[in-house]
1. Amide H to amide H under 5 Å from A:Ile73: which residues, 5+ apart in sequence or cross-chain, H placed 1.01 Å off N in plane?
2. Count, for each residue of A:316-328, the Cβ atoms from other chains sitting within 10 Å of its Cβ, then give me the mean as a whole number.
3. What does segment B:50-175 give for Rg and for Dmax, in Å, if only its C-alpha atoms count?
4. Along its three principal axes, how long is segment B:341-400 when you only count alpha carbons? Whole Å, largest extent first please.
5. Test of understanding: what is the full-extension gain from B:Ala457 to B:Leu109, defined as 0.36 nm times their sequence separation minus their Cα-Cα distance?
6. Mean separation of Cα pairs under 8 Å and 6+ residues apart, divided by the residue count of chain B: what relative contact order is that in percent?
7. Cα centroid distance between segment A:413-488 and segment A:357-387, in Å?
8. By the scheme Lys and Arg +1, Asp and Glu -1, what is the net charge of all other residues having a beta-carbon under 12 Å from that of B:Ala171?
Amino acid sequence: MNLATTSLKQLAGALRKRQVSSRELAQAYLERIARLDPMLGAFITTDHECTLQQADAADSRIASGTAGPLTGIPVAHKDIFCTQGWLTTCGSKMLSNFVSPYDAHVIEQFKAAGALILGKTNMDEFAMGSSNETSFYGTVKNPWDLTRVPGGSSGGSAAAVAARLAPAATATDTGGSIRQPAALCGISGIKPTYGLVSRYGMIAYASSLDQGGVVAPSAEDLGIVLNTMVGFDARDSTSIQRPSEDYTALLEQPLHGLRIGLPKEFFSGGVSADVERAIEAALQEYERLGATRVDISLPNTALSVPVYYVLAPAEASSNLSRFDGVRFGWRAPQYDDLADMYERSRAQGFGSEVKRRILTGTYVLSRGYYDAYYLQAQRVRRLIVNDFKNAFTQCDVIMGPSTPTVAFGFGEKTGDPVQMYLSDIFTISVNLAGLPGLSIPAGFGQGGLPVGLQLIGDYFSEAHLLNLAHRYQQATDWHSRIPALASA
Amino acid sequence: MDWEVVIGLETHAQLATRSKIFSGAATAFGATPNAQACAVDLALPGVLPVMNRTAVEYAIRFGLAAEGVIAKRSIFARKNYFYPDLPKGYQISQYEIPVVSGGQIVVELEGLEIPVRLTRAHLEEDAGKSLHEDFHGLSGIDLNRAGTPLLEIVSEPDMRSAAEAVAYARALHRLVTWIGICDGNMQEGSFRCDANVSVRPKGQQAYGTRCEIKNLNSFRFMEKAIEFEIRRQIGLIESGGNVVQETRLYDPDRDETRSMRSKEDAQDYRYFPDPDLLPLCIDVAWIERVRNALPELPDAMRRRFVSDFGLSSYDASVLTASFDQAQYFQALMHFVQGEAKLCANWVSGELSAALHRDGLEIRHSRITPQQLGGLLRRIQDGTLSGKMAREIFDALWSDGGEADTLIESKGLKQISDVSTLEKIVEALMAAHPGQVAEYRAGKEKVFGFFVGHAMKACGGRANPAQLNAILKNRLAGK
């Protein structure tokens, strides 16, 4: 079985038909990781013994006939999900010694489904970054070009799936951290509606924006994984209770009459020509599938980046206060008194991007600045929500590029945080509105690097978005292209 | 110069829920350190708060009992600061929109009713405890208390003396225990008060600079601390100084307040709405359900005791000093109908004294209302004199049982039988003709001689009223 070209759905079928055992599958993926990951740095932790134990349990479950769709499938998890008995670092020195005593809800769901934990993937520190250059555990390389970034913050998950080191990986998206790396790595990634995936055990960056999701080669595989990942959790007060849904149910629906909204703000300048060409070709493909184009406007798009960089750091500055060296995590080896212990532990434990955001957040919440920054940003956030509401009266889905450019080189934007932040210009507003967003491969641009097409739907339209993506993937083969490194 | 004192109180009432305000861990006092701190209380990475419904219900109960306004929608905010016993690095509290606004507590002081207005009452979580002893120079952190639900009740600066402030605190304490939302245990920290104290020249409108006094963990300390603080502030101003706005700690050992931190050190808590918690929405139906389940409140009960039972306002106040005492009294009245004054006297007299002596709460009384009722009925029907009743009471208190059985076994039955008493009196008169003559000659003091001897003759069991009547008749020669 060639893991590089076998989809998650096919793996599940092979397991059920006993053509392969879960143990064999786990061993094969662990072997690929051992062989290829040293080039990529996508994983922070693997634990062969644990994974193989889970594989054996899955094999018994398959033998007993009680297997579900994910039983025996190895899944990689972003190192932001607390995993009992596993090092859970969030890409930070601060948590470089933190072995979680409990499982995140997402991990519980996968365990209950019989999926294997293949490993914990690298990420920007505390999910703050767009290039995976802020991780304490080193950069992750883009499998399509090892001199380029994989995107972030879920860069490890995206690179692992792109190199077919895992059939699927969990990820999180606060301002584009699933869709942007999925786009830059040439894979599919979905950020569900805010509240669908429990945040319990998902280390908080910006609570009102964070949302768990998944990356996989195809939309169909995303749907299968999402079926396990989504679910109400009483331990997360923002978790949404609604009837369970089969995210693969609508995959085959035809697209006749589909109205695709094209926000003029997503196409006016700022987008590189190669990306624009690929997106245009994708839209033409959708037209062939029966869709029509509608010109729309999301007038406050330009404000989404500044709004995000007020609200997300504000929440982060408070969320990250618990990392104080008192109960767990990094504590400075030497200090004079309590204040000194706090200062040194945090100064040593956090990287510079995290510090930048904590300082920004602390500033915007301070007395005298709160109204001008935090409250004002909340007001603009409301305007951005309204922009989408208006748009969805005119169209069924919004499409555009996931990112302004293809993957950039290491160090290209680290010197200029604002340039780095602008790489999320098309994805951030979706988080501010809490909407579902999807990125799928839509061809290649400069340097043979992947381009991502973003699909934004109305609340709870995940099954519909996956349908649109799946029909496109039936008509194209961008999603089955793999980097040369992966076929080795 | 004449000074006017202005006092406002902030009270933290620990809500008597079984579990914590945002986690499922237990709230019981006195457990092994950190045995009652779950992942959420420890603020492990990734954990999230979930509101305790009962805590909200208790806040509603308080709001209704204090006649405040229950917010249909209130917001939880994060108060950010670093301290080792604050695991998240922020406290979840309510800032801009509290669950209860307004309301009042009516305070009785020296026969006057003084209304004290409430500013607000809001829900928040408690912090843990830092333990500085026994760790070889290090500090220990006990997070059992972290996340315990508190209702912070803030009064307007309506009090004008330490006595008024204490009376308010007592009335508030009675209310929160009365409606069952707080166990009121001040030693365990279930009811903690901070006082904001300032002084101003009489007649001046503007408030003086205030100081906040902390560590007032008994009503007695509160009174002493406030009085010290008033003296300190007046002394300071009169000697040409100025009061500095600051937080001061009361030291009961030295009976003084000491500066803890000044306003300049005040932290910027960077409050903002907690994105992990949705707005707290309370619908009218819920409020009405809570309202309908409210017990009769102390002021209403006090008025009813006066109007229905004919008790004095003073007796009614004493009986409604606590919910349990009022309940005891009402249960007692059930067994001894129509004798409210008798019941009131025994509850606030013998019973209270015995409880106090043995350090018992009334709900743990060794004599039940039924037992006491059985005893009082025998006073009511003349079987027992007050003195005999006290003897039975002591026996009931130490050994239990029923009054009637004890009366029999101790032979304490009062002699009310007219013919028996007449026989005693006749024998006495026959034995002391001289004294009879003296009495009849107008020397009425001799009456006491006969009472004493008659009582002695029957072992003190004569019904005194009847004995008196018979003696008077016979001595008068009737």
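The values are calculated or read from the model by the stated rules, or taken from the named source; none is laboratory data. Bear in mind the structure is a predicted one, so any value in this text is a computation, not a measurement. Here Cβ is always computed from backbone atoms with ideal geometry, including for glycine, and neighbour counts include all displayed protein chains. Each accessible area value is taken on the protein alone, full model and side chains, heavy atoms only, with ligands, DNA and RNA left out. Shrake-Rupley method; radii C 1.70, N 1.55, O 1.52, S 1.80 Å.
1. A:Leu116
2. On the way: counts 0, 5, 11, 7, 2, 10, 10, 3, 8, 1, 10, 9, 4.
If you average over the peptide's residues, the count of other-chain Cβ atoms is 6.
3. In Å, with Rg to one decimal and Dmax whole: 17.4, 54.
4. So the extents along the principal axes, rounded to whole Å, are 32, 24, 19.
5. Values: separation 348, 0.36 × 348 = 125.28 nm, distance 5.01 nm.
Difference between extended and current length: 120.3 nm.
6. Numbers: 836 pairs, mean separation 65.7, N = 478.
Reported relative contact order: 14 percent.
7. Each part reduced to its Cα centre gives a spacing of 28 Å.
8. Working: positive: B:Arg170, B:Arg174, B:Arg302; negative: B:Glu108, B:Glu113, B:Glu164, B:Asp299.
Local net charge: -1.
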